[in-house]
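Okay, so here's the structure we're looking at.
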Amino acid sequence: MKYSLKIIIDLPLKETIAKMDSLENLKKWQDGLITARVVSGNFGEQGAKTELKYDFGKRKITMIETILETEMPHHLIAEYRAPGVINIQKNTFESTEDGKTVWRSESEFKFEGLAMKTLGLLMPGIFKKQSLKYMRDFKNFAESEIA
């Protein structure tokens with residue numbers, strides 16, 4: 001399953017990336033995130049692995065983020081692995097003439113096991129909806145949070 005999303009953040013590129021590229025800020029805009037800890041490498045750098053633990057009430061999820069490629073502030077590819085699912089996310093960031101930032105995200109999901117494959121087939125919208133929610137939550141955080 002693949003999809004693309006785009007959002008415009010009312011901040012210059014440099015400020016947007018400074019707020020995004022912060023382990024401490026993740027909890028401020030990722031609803032459900034209870035812990036984020038680097039398990040190898042340096043956060044945000046190519047090859048770095050970060051363990052992310054989420055609590056969504058009845059669902060608790062632990063995933064590992066691996067930075068596959070980075071040319072920040074313009075480009076970041078990360079892999080997210082959780083039980084039964086792998087998500088490769090390609091993110092690009094660009095400045096607009098009026099000093100805003102365009103964030104484009106392309107996601108590709110691969111499902112393992114019958115339950116996850118069925119979920120991906122029958123309810124693909126829940127993954128896109130969650131991705132868009134996090135993009136909007138980041139936008140709201142970034143535009144309202146004082147650096």
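With unit charges on the beta carbon (Lys/Arg positive, Asp/Glu negative), name the residue among Tyr80, Leu23, Ile8 whose Cα is farthest towards the positive pole of the charge dipole of the chain.
Of the candidates, Tyr80 comes out farthest on the positive side.
How about the range 47-135: which trypsin sites (Lys or Arg not before Pro) there lie in a loop by DSSP and see at most 13 other Cβ atoms within 10 Å?
Counting only loop positions with at most 13 other Cβ atoms within 10 Å, the trypsin sites (Lys or Arg not before Pro) in the range 47-135 are Lys58.
Using only helices, what value at 222 nm comes out for the chain when you add -39,500 (n - 2.57) per DSSP H run of length 4 or more and divide by the total residues, to the nearest 500 deg cm²/dmol?
Dividing the helical sum by the residues of the chain leaves -8500 deg cm²/dmol.
Considering only DSSP states other than H, G, I, E and B, which GluC sites (Glu not before Pro) in the range 8-63 qualify as loop sites with at most 16 other Cβ atoms within 10 Å? Write down the numbers at each step before the final one.
Values: sites: Glu15, Glu24, Glu45, Glu51; in loops: Glu24, Glu45.
Loop-located and lightly packed - Glu24, Glu45.
For the modelled label position 7 Å from the Cα of Thr96 along Cα-to-Cβ, which residues of the range 6-24 have backbone nitrogen atoms closer than 14 Å?
6-13
On C-alpha positions alone, give me the angle between the axis of helix 125-144 and the longest principal axis of the chain, in degrees, nearest 10.
30 degrees
With the Cα gyration tensor of the chain in hand, give its eigenvalues times 5 under a square root as the equivalent ellipsoid semi-axes, listed largest first in whole angstrom.
Working: eigenvalues 124, 59, 47 Å².
The three semi-axes for the chain are 25, 17, 15 Å.
Values in this text are rule-based calculations from the coordinates and carry no lab data. This is a predicted model, so every value here is computed, not measured. A quick note on method: Cβ atoms are made from the backbone with ideal geometry, for glycine too, and the neighbour counts reach across all protein chains shown.
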